[in-house]
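Okay, here's the structure, questions in a sec.
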Amino acid sequence: MKKLKGQLLRWILIVRKLQNQPYISFRELQRELERELAFRGYDPVCSDATLKRDLNELKEEFGLEITYSRTHKGYSLPAVRKGWLDMDCIIEPIEVMTALGNHSLPEYILPEQYQTRGTQHLSYLLHAIRQRQKVHFLYRKYADNTRSERTLSRSGEADGMY
């Protein structure tokens with residue numbers, strides 16, 4: 001099961017990386033995957049063959065048009081199909097379980113009907129909390145969409161909250 005979860009996690013990380021950083025080189029994508037896998041407690045080795053297979057499977061199984069641009073010398077994901085975006089309701093619980101260190105998938109994953117954003121940052125936040133590091137972030141108030149910068153320290157005191 002951990003092997004399957006590792007494969008799912010690699011797929012998620014690849015798509016998220018390509019969404020956030022178009023035209024990433026093969027080696028850079030490989031290094032980012034290895035860094036993220038190690039950070040999450042998985043075997044950080046991502047061989048050339050594994051990454052090529054993952055890119056191919058994402059294309060074949062999910063219809064994601066991952067392309068290589070010779071001009072930009074990197075891979076990109078020009079447009080994500082609606083069907084893949086619907087997968088976020090399945091990806092989110094996997095990201096949360098991975099961040100919390102739960103090493104087994106539940107028997108059933110029940111997707112919720114709302115669009116979530118930001119679960120990919122949960123692992124970093126939990127790591128910072130466990131290491132008692134300061135966390136600096138941009139907060140957006142839901143009610144009126146105002147934004148403010150916040151810093152939380154290990155003492156529990158917050159800056160910029162009032």
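Of the numbered conditions (1) at pLDDT 75 or above; (2) surrounded by 12 or more Cβ atoms within 10 Å (Cβ to Cβ); (3) among the charged types (D, E, K, R), Asp48 fails exactly one; give the number of that condition.
(2)
Inside the stretch 58-102, can you point out the residues that are modelled with pLDDT under 80 and outside any helix (DSSP H, G or I)? Working first, answer last.
First, pick out the residues of the stretch 58-102 that are modelled with pLDDT under 80: 62-63, 78-102.
Once the filter is applied, which keeps residues that are modelled with pLDDT under 80 and outside any helix (DSSP H, G or I), the stretch 58-102 yields Gly63, Pro78, Ala79, Val80, Arg81, Met87, Gly101, Asn102.
Does the stretch 5-19 contain at least one residue that is out of contact with any helix residue (DSSP H, G or I) (no Cβ under 7 Å at 6 or more places or on another chain) and at pLDDT 90 or above?
No: zero hits.
Hey, can you tell me all the residues within the stretch 103-162 that are over 19 Å from Phe39 (Cα atoms), modelled with pLDDT of 70 or more and part of a loop (DSSP other than H, G, I, E, B)?
Answer for the stretch 103-162, where residues must be over 19 Å from Phe39 (Cα atoms), modelled with pLDDT of 70 or more and part of a loop (DSSP other than H, G, I, E, B): Lys141, Tyr142, Ala143, Asp144, Asn145, Thr146, Ser153.
I've got another one for you. Only one of Leu55, Leu33, Leu13, Leu18 is aliphatic (A, V, I, L, M), assigned to a helix (DSSP H, G or I), out of contact with any Leu (no Cβ under 6 Å at 6 or more places or on another chain) and open to solvent by less than 50 Å² (accessible area, probe 1.4 Å); which?
Values: Leu33 fails: out of contact with any Leu (no Cβ under 6 Å at 6 or more places or on another chain); Leu13 fails: out of contact with any Leu (no Cβ under 6 Å at 6 or more places or on another chain); Leu18 fails: out of contact with any Leu (no Cβ under 6 Å at 6 or more places or on another chain).
The conditions single out Leu55.
The values are calculated or read from the model by the stated rules, or taken from the named source; none is laboratory data. A quick note: this is a predicted structure, and the numbers were derived from the prediction, not measured. Note: ideal-geometry Cβ built from the backbone for every residue, glycine included; neighbour counts use all protein chains shown. Heavy atoms of the whole protein, side chains included, go into the accessibility calculation; ligands, DNA and RNA do not. Shrake-Rupley method; radii C 1.70, N 1.55, O 1.52, S 1.80 Å.
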